[in-house]
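Each remark here refers to the structure printed beneath this line.
No value in this document is a laboratory result; all are computed from the given coordinates. In this text the structure is predicted, and so the values were computed from the model without any measurement. Please note: Cβ atoms are built from the backbone with ideal geometry, for glycine as well, and neighbour counts cover all protein chains shown.
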Amino acid sequence: MTDFLSLWADSLPQLLAATVKVTIPLSIIAFVLALVVAVLATVMRLSRIRPLQWVSRFYVWLFRGTPILVQLFIIFYGLPAAGITLSAWTSAIIAFTLNTGAYAAETLRASVQSIPRGQLEAARTLNFTGWQTVRHVIAPQALRIALPPLGNDLIDLVKGTSLVMVITLADVFQVGRQIAATNFQPLALYAEVAVVYLAIFTVLSFLQSRLERASNRYIRSPRA
């Protein structure tokens with residue numbers, strides 16, 4: 001047991017460095033961009049312009065229906081055959097942004113469509129503008145409904161970043177593999193990597209619960 005803990009102590013700085021340099025930044029950047037993509041895809045899907053609806057449907061169908069690992073391979077290893085060469089970082093950001101954005105778009109679409117039409121009609125009766133309807137009726141309720149699944153999407157994204165090792169990025173999992181290959185202690189190293197992911201999951205779950213409580217208070221509070 002002492003040797004086990006000593007091994008953990010020796011490898012922890014390298015694992016944390018990989019977490020801070022690759023896993024966390026990649027997750028944050030990809031998730032923020034994914035939310036932007038998701039909002040655009042949702043607006044297109046709910047618009048009355050059929051070509052925009054078709055583009056949004058095709059995008060969601062394509063990226064939800066194919067594994068993220070395949071998408072990484074196509075972007076990083078496949079596109080050079082078409083004359084498009086991207087760095088590992090850029091490839092990872094694009095793949096995770098588009099993949100997560102497709103799932104988030106469905107979450108946002110379902111959240112908006114779950115709002116009773118009577119509330120939208122009431123907003124029109126009160127002479128709300130389109131922006132006022134979005135701000136005071138649609139956005140608060142859709143956000144409250146979407147927060148739990150969006151939080152789950154973020155957690156899945158963080159865990160999914162372990163796949164970037166296949167395109168040469170040294171994330172926390174890849175660093176753990178490299179250390180295990182040198183000291184021949186795979187059980188200890190992979191268990192430590194699991195602990196790092198669990199720590200990230202715990203922090204994200206805590207933040208998610210706080211955001212959900214804050215959104216519920218906002219919904220209940222009177223607004224001008």
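Per the Debye formula on identical point scatterers at the alpha carbon atoms of region 19-96, with no solvent, log10 I(q)/I(0) at q = 0.11, 0.23, 0.25 Å⁻¹ is -0.36, -1.10, -1.15. Taking each residue as 0.36 nm, the span from residue 113 to residue 87 lengthens on full extension beyond its C-alpha to C-alpha distance by 5.5 nm.
Computed over the alpha carbons of region 2-215, Rg followed by Dmax gives 20.8, 72 Å.
At a 10 angstrom cut-off on C-beta neighbours, averaged per residue, how do the peptides 97-103, 19-25 rank from highest to lowest?
Details: 97-103: 22.9, 19-25: 18.3.
Put in order of decreasing packing, that is 97-103, 19-25.
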